[in-house]
Amino acid sequence: MSDVLEALDPAASRRLAEREQEIRADATRIRVRFPAAAREVGRSAGPSAGPAEVRVEDLARSRMLDALAVALSDDPDTLSGEVHDLYRFGDADERRAVLRSLHRLGLGDQAVDLVHDGLRTNDPRLVAAALGPYGATVLDDAAWRHGVLKCLFTGVPLDVVDGWADRVDEVLVGMVSAFVDERRAAGRDIPTDARRLLGDTTIDPSRET
């Protein structure tokens, strides 16, 4: 996180610190500052390079959420309500920042519904964020497996799925094997990550298109 934020000029760094202090003093101020983070603090130049890219505005919003968690450390229900509202009323970038930060906010399983919502979208950046450390903790096995399969469908790299290699089981292997068979039958390429998950040897490369 620090490497990206160090690219901010001194004035932008001061503005971010001021926003954090403001939110710690009055948690409701995040309702104004969170949506405006890219404009007021800074944003990465150019289009997103992919679902795994970490951008300045993501990290500025994460810092604001950390400040919110400090402000409401003794009121987890209000904290959960504020986080849900930021997600519900936010655009895709704001929702991604929420999903990326959930594991640091001390919400227990109160935000699992936000993870499920992220996985229902067709936005690869939201899918990737939903399968971060928080999603890995709160998703049951069935939901997690379907999330991994969605990554293969949407081109989200498995490496952004927190702890995926340690959670692969026979059920997921069967699901991915069926996915591979369907793609092969349709004459479509087999994603490299599908081969990784299955251990490569389960697929004959000569049969790929």
Checklist entry - Restricting the first residue to the stretch 72-84 and requiring it to be free of Cβ contacts under 8 Å to residues at least 40 places away in the same chain, which pairs with a second residue that is acidic (Asp, Glu) and assigned to a helix (DSSP H, G or I) meet a Cβ separation below 9 Å and a spacing of at least six or different chains? => result His84/Asp113
Checklist outcome for this item: Among Pro191, Pro124, the single one that is under 20 Å from the mean Cα position of the chain (by Cα) and under 26 Å from Pro47 (Cβ atoms) is Pro124
Checklist entry - Exactly one of (1) over 19 Å from the mean Cα position of the chain (by Cα); (2) of a type in the set (S, T, N, Q); (3) under 23 Å from Pro157 (Cβ atoms) is unmet by Ser48. Its number? => result (1)
Checklist entry - Consider Lys150 against the criteria (1) within 23 Å of Ala38 (Cβ to Cβ); (2) among the charged types (D, E, K, R); (3) out of contact with any Lys or Arg (no Cβ under 8 Å at 6 or more places or on another chain): it satisfies all of them except one. Which criterion is unmet? => result (1)
Next on the checklist: Among (1) under 14 Å from the mean Cα position of the chain (by Cα); (2) assigned to a helix (DSSP H, G or I), there is one condition Arg15 misses while meeting the rest; what is its number?
Outcome noted: (1)
Checklist entry - Taking the condition touching a Phe, Trp or Tyr at 6+ places or on another chain (Cβ under 9 Å) and not aromatic (Phe, Trp, Tyr), does Asp166 pass? => result no
Checklist entry - Within the group Asp91, Asp159, which residue is loosely packed, with under 15 Cβ neighbours inside 10 Å and touching a residue at least 60 places away in the same chain (Cβ under 8 Å)? => result Asp159
Checklist entry - Taking the stretch 120-145 on its own, how many of its residues are among the hydrophobic types (A, V, I, L, M, F, W, C), touching a helix residue (DSSP H, G or I) at 6+ places or on another chain (Cβ under 8 Å) and surrounded by fewer than 20 Cβ atoms within 10 Å (Cβ to Cβ)? => result 2
Checklist entry - Any idea which residue in the stretch 60-109 is farthest from the chain's Cα centre (by Cα), counting only those that are assigned to a helix (DSSP H, G or I) and polar (S, T, N, Q)? => result Thr78
Checklist outcome for this item: Contact list, first residue from the stretch 45-60 and within 21 Å of Leu16 (Cβ to Cβ), second anywhere and β-branched (Val, Ile, Thr) and in a loop (DSSP other than H, G, I, E, B), beta-carbon distance below 6 Å, six or more apart or interchain, is Ala60/Val41
Next on the checklist: Suppose the filter is under 27 Å from Thr137 (Cβ atoms), modelled with pLDDT under 95 and surrounded by fewer than 15 Cβ atoms within 10 Å (Cβ to Cβ); does Gly187 pass it?
Outcome noted: no
Checklist entry - Does the stretch 48-64 contain at least one residue that is of a type in the set (Val, Ile, Thr) and at pLDDT 95 or above? => result no
Next on the checklist: If I go through the stretch 10-69 residue by residue, how many of them are aromatic (Phe, Trp, Tyr) and in contact with a Phe, Trp or Tyr (Cβ under 6 Å, 6 or more places away or on another chain)?
Outcome noted: 0
Item to check | Every residue from the stretch 162-184 that is of a type in the set (Gly, Ala, Ser), touching a residue at least 12 places away in the same chain (Cβ under 8 Å) and either buried (at least 17 other Cβ atoms within 10 Å of the Cβ) or farther than 15 Å from Ala136 by Cβ (or both) | outcome: Ser177
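The values are calculated or read from the model by the stated rules, or taken from the named source; none is laboratory data. As the structure is a prediction and not an experimental result, all values here were calculated from the model. Counting neighbours? That spans all protein chains shown, and the Cβs are built from the backbone with ideal geometry, glycine included.
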